[in-house]
Amino acid sequence: MTMKVSRRGFLQVGGFAFTVAMILPRVAFAARNSLRSIRTGIQPGGKTRLVIESSARPSYSLSYPENQLVVDIANMSADSSVKPTLASGTLVSAITQTQSDDHLKIVATLRKPIAKLEKSQIMLLEPNGDNDYRLVLDFSATAAQKIAESVKSAETKAPPKKHVVIIDAGHGGKDPGCIGKGGTREKDVVLSVAKRLRTKLDEAGFKTYMTRTNDTYLKLAQRAEFAETHKGDLFISLHANANPSRSVKGFSIYTLSEKASDEEAKKLAESENAADKIGVDGFTEFEKEIRAALSSLQQHAVAEMSEEYANGCARAFRANKVEAQPGPSVRHAPFAVLRSTVPGALIELGHLSNSTEEKLLKNADHQNRLVAAIVRSIKNYNFDV
Ligand SMILES: [Zn+2]
């Protein structure tokens, strides 16, 4: 049984979520959370941003009474010395604090109605520099129709939305990827694993989309764009590796960063990006648009979620007895295919340059073992912010 406190402040026990307060006796809250500041601001595009800063990671829930946004934070007391700083031109006209048992309700009065916030509108930032923990909420006014739907779906407790996993089989068509000594092509291995993965994820109740289902060539930016347009919650790019040293074996997992974590990761990104002749610093127009639309805070949130997934994925591979490449299991490099707003990772399933692993990568049992590890990592991933 697993227990963890999610970023939304729920204690998850074996897949069921309860609010922390329901499970833990009051006495467990020895260290109280203190309110530090409340402020609003305007974001690009006219969005309102509400920031609540606290001394500890807040355990919170949101509710939407008429023309209000209420942030309920557990284990916190009202503090009249904290005066909200309200920027002009936002949707928030006033903010008050109300104590309710051990919870502080921060009530923002809104000039116009808003819809229920989606996870992409909510960020929880770790302390840095002069800042403590910050709960950051971005929102704008919504048409009446959409609000009615949003309230209705909350009331009828519709079954939770299926999480969308984008499965990207690397390479394809004119781009074979790397080729083993025995002639095994990366593009064929990863497509086979991708299809097996789709079957297992569909069975497990996820909604899946594959960037390619046959031997076709796709540009890297098209794959990232596919993840955006299909509203992916998680992006999994499947690859197999080659190393000049034929003795090197094992899996490794990569997330996006503009700076490579090591020389090997940098070289790998260069070779994976070579399919599109994109240099490590190259950006396509699509990527530029995506990046312009993303605030640095959102980029931070996507990077954080990708990192969390990648670490969990590495654990699942080890738990399923898949051999790891020596060195860190999770590395970072500027992979073009990962440049989107969808959190995700690029998985190098093993080395085609190693003859033992080339045989394994073609083997159905081994492919199923790899798939089982990936499914495990996705089931363990905390999709809800
Ligand atoms: Zn590849």
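Structural remarks
- Using θ = phi - 60° in the Karplus curve 6.51 cos²θ - 1.76 cosθ + 1.60, the 3J(HN,Hα) couplings for region 360-365 round to 4, 5, 7, 7, 4, 4 Hz; x is entered for Gly and Pro.
- Ordering of 192-201, 32-41 by packing [mean C-beta count within 10 Å, highest first]: 192-201, 32-41
- Shown is the FRET efficiency for LYS379 and SER261, computed with R0 = 25 Å from the Cβ-Cβ distance and rounded to the nearest 0.05: 0.40.
- Full-stretch length increase - SER100, LYS207 - with 0.36 nm per residue and alpha-carbon distance subtracted: 34.6 nm
- Pairs from LYS162/LYS219; LYS116/LYS200; LYS321/LYS362; LYS207/LYS249; LYS266/LYS379 whose Cα-Cα separation, in the structure shown, is over 25 Å: LYS162/LYS219; LYS116/LYS200; LYS207/LYS249; LYS266/LYS379
- Sites ALA141 and THR85 - FRET efficiency at Förster radius 22 Å, r taken between beta-carbons, to 0.05: 0.55
- In Hz, Karplus ³J(HN,Hα) per residue of region 375-384 (6.51, -1.76, 1.60; θ = phi - 60°; x = Gly, Pro): 4, 4, 5, 6, 5, 7, 6, 8, 5, 8
- Net length gained if the chain between ARG246 and ASP130 were fully extended (0.36 nm per residue, minus Cα distance): 36.8 nm
- At R0 = 30 Å, FRET efficiency that the Cβ-Cβ distance of ARG369 and ALA56 yields, to 0.05: 0.15
- Phi angles across region 99-110 convert, under the Karplus curve 6.51 cos²θ - 1.76 cosθ + 1.60 with θ = phi - 60°, into 3J(HN,Hα) values of 8, 9, 6, 8, 10, 9, 9, 9, 9, 9, 7, 9 Hz, Gly and Pro given as x.
Readers should treat all values here as calculations from the given coordinates under stated rules, not as data from a laboratory. No experiment lies behind these values; they were computed from the predicted model shown. Cβ atoms come from the backbone with ideal geometry, glycine included; neighbour counts cover every protein chain shown.
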